[in-house]
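The values are calculated or read from the model by the stated rules, or taken from the named source; none is laboratory data. It should be emphasised that the depicted structure is a prediction, and the values quoted were computed from it without experimental measurement. Cβ placement follows ideal geometry from the backbone for every residue including glycine, while neighbour counts extend to all protein chains displayed.
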Amino acid sequence: MAIEGSRGNRIREVIEYIINNFDQSIKIEKLAEIANMSNPSLHRHFKEVTSMSPNQFKKQLRLQEARRMLLADATDIANIAFRVGYESQSQFSREYSRMFGLMQVYKGALLQLGKVIILVKTLAPVKK
């Protein structure tokens, strides 16, 4: 259990802030202010706790939420990208494919960088 005002508790507050605001633009200065630390100190202590930087943590939350939304309803990928905080669909597509791979197969739909293609029984190439 983290003691109030302890470094661990302050990092927990930053993590909670990121979780509650991952779809917004978050400046490192704001996170450092929440933690009452300098920017470099926040980065160091945040990475000790999470094994990633605050920005990487936010990006992972965004992509996980986007994946959840895509798997639940893959109809509007551009809208989902904006809903999780991306300003650019192309940036979202690049980062999504880096994290999850180029293609995601689920419920008979192939999600490929913003396209929804209905699959028929196999992934055989379409004959022309």
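A few remarks follow.
- Take the conditions (1) under 14 Å from the mean Cα position of the chain (by Cα); (2) outside any loop (DSSP other than H, G, I, E, B); (3) surrounded by 14 or more Cβ atoms within 10 Å (Cβ to Cβ); residue 49 misses just one of them, which is (1).
- Any hit, the stretch 93-112, residues being at negative phi, at pLDDT below 50, part of a loop (DSSP other than H, G, I, E, B) and loosely packed, with under 11 Cβ neighbours inside 10 Å: no
- Residue list for the stretch 4-38, restricted to those being of a type outside the set (Lys, Arg), more than 13 Å from residue 54 (Cα to Cα) and either in a loop (DSSP other than H, G, I, E, B) or touching a residue at least 24 places away in the same chain (Cβ under 8 Å) (or both): 4, 5, 6, 8, 23, 24, 36, 37, 38
- Any hit, the stretch 55-75, residues being over 21 Å from residue 19 (Cβ atoms), at pLDDT below 90, not assigned by TED's automatic domain parsing to the domain that holds residue 17 and not aliphatic (A, V, I, L, M): yes
- Restricting the stretch 13-41 to residues that are in contact with a Leu (Cβ under 6 Å, 6 or more places away or on another chain) and over 24 Å from residue 83 (Cα atoms), the residue that is surrounded by the fewest Cβ atoms within 10 Å (Cβ to Cβ): 32
- When the test is whether a residue is at pLDDT 90 or above and at positive phi, residue 85 passes it.
- Matching residues in the stretch 62-91 - criterion: being in contact (Cβ under 8 Å) with a residue 12 or more places away in the chain and not aliphatic (A, V, I, L, M): 62, 65, 67, 75, 83, 85, 86, 89
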